[in-house]
Amino acid sequence: MSVETIIKMTDPEGSDYKTDEAKWQALLRRDKTADGHFFFSVATTGVYCRPSCGARQPRRENVAFHSTPVDAEAAGFRPCKRCKPTETPTWHERTKLVADACRFIEDAETAPPLADVAAQVGLSPYHFHRVFKEITGVTPKAYATSHRAKNVKGSLKESRTVTEAIYDAGYNTNSRFYENAQGILGMTPKEYRAGGAGKTIRYAIATCSLGFILVGATEKGVCTIQLGDDRTALEAALIGEFPGATLEEASTTLKAWVSTAIAMIEDGKAPPADLPLDIRGTAFQQKVWSALREIPAGETKSYKDVAEAIGAPEAVRAVARACASNRIAVAIPCHRVVRSDGALSGYRWGVERKRALLEKESA
């Protein structure tokens, strides 16, 4: 989760709650991240609340929405004594604090010690560590590592040498970066800098009930499973991700993995435990993708359920973004994640494919 995202959570101007339906859905899931963006009143009780209020949920026909407490009171409603909508939400205070900490981490030349970041925002290291992880879903150290990794990815494209890029990104020594490079990049820094040059990615394309399926693999394992309507578009997307890699169409050698992927689609089968995956992502994304693989076929979880499963109950939006960033369809079953009301939300390969996968698994 970037500092820009955290700031947006506290900024009503950047609200995602622009329609009454979006506000109603936030009310139903008691979304703490919606607090401050709007308020709702209940005609039968005469009170107004913040979206996360824990009181009994009202009927839709009795609810009206207001931009501010002043608007609600002007309409004749009084503040709820349970959620105290006129007070600053504690969650928003913590979010602003974490945003300040993220700026401090990002502005530092090297990753600052936990004690220094905690002191910057006026908390004890223990309390700060807990609050930071609650809001972002990752530890301060993992955030700093992910931020520097992002800088490395940009610098590797621009710097004259890999060493220069490493130091530009805030790593004190080459060895510290190389210890983590495989998990961050999925390949060595030189290979990433060259768009995958030196890497061989074998791929195969087949057809299934959902259209075309592309399975790509490195020597480590499956690195992508993509679905689409057009064979050429799938190949172009693979080239765009690894423009410097050697791409080999290898239908025969990947036959077993392609068959496995198709079986997961057609029969709703779980991926075999020994299916090797070469997954690249941030520490937070890795946690989310691991949790997705724990959802049994035929079942669904909400984004909030997944956030709670990884120990980051407030990071619902970040979980949704991690699902959208997944490049390995069906083997990392992001299609099993739905909205809190059970409705299907966006899916990288199309909502209709998501619906079809869920129907096959529940049959």
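The values are calculated or read from the model by the stated rules, or taken from the named source; none is laboratory data. Model, not experiment: these values are computed from the prediction. Reconstructed Cβ throughout: ideal geometry from the backbone, glycine too, with neighbour counts over all protein chains shown.
Per-structure values
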quantity: All positions within the range 235-289 that are under 24 Å from K360 (Cα atoms), free of Cβ contacts under 8 Å to residues at least 12 places away in the same chain and not in a loop (DSSP other than H, G, I, E, B); calculated: A256, S259, A263
quantity: Filter pass, Y48 being outside the structural domain of A343 (by TED's automatic domain parsing), at pLDDT 85 or above and not in a helix (DSSP H, G or I); calculated: yes
quantity: Residues that are free of Cβ contacts under 8 Å to residues at least 40 places away in the same chain and in a strand (DSSP E or B), drawn from the range 60-70; calculated: V63, A64, H66
quantity: Residue within the range 297-307 that is within 19 Å of S362 (Cβ to Cβ), surrounded by fewer than 17 Cβ atoms within 10 Å (Cβ to Cβ) and either of a type in the set (D, E, K, R) or over 12 Å from the mean Cα position of the chain (by Cα) (or both) present; calculated: yes
quantity: Residue under evaluation E73, criteria (1) within 23 Å of K18 (Cα to Cα); (2) among the charged types (D, E, K, R); (3) outside any helix (DSSP H, G or I), criterion not met; calculated: (3)
quantity: The range 308-346, residues that are of a type in the set (S, T, N, Q) and either over 21 Å from C223 (Cα atoms) or crowded, with 18+ Cβ neighbours inside 10 Å (or both); calculated: N326, S340, S345
quantity: Checklist (1) assigned to a helix (DSSP H, G or I); (2) more than 18 Å from C323 (Cβ to Cβ); (3) at pLDDT 90 or above applied to D305, failing item; calculated: (2)
quantity: Flag if D229 is touching a Phe, Trp or Tyr at 6+ places or on another chain (Cβ under 8 Å), not assigned by TED's automatic domain parsing to the domain that holds L344 and not aromatic (F, W, Y); calculated: yes
quantity: Filtered residue count, the range 100-138, keeping only those that are at pLDDT below 80 and either more than 19 Å from V319 (Cβ to Cβ) or in the same structural domain as A315 (by TED's automatic domain parsing) (or both); calculated: 9
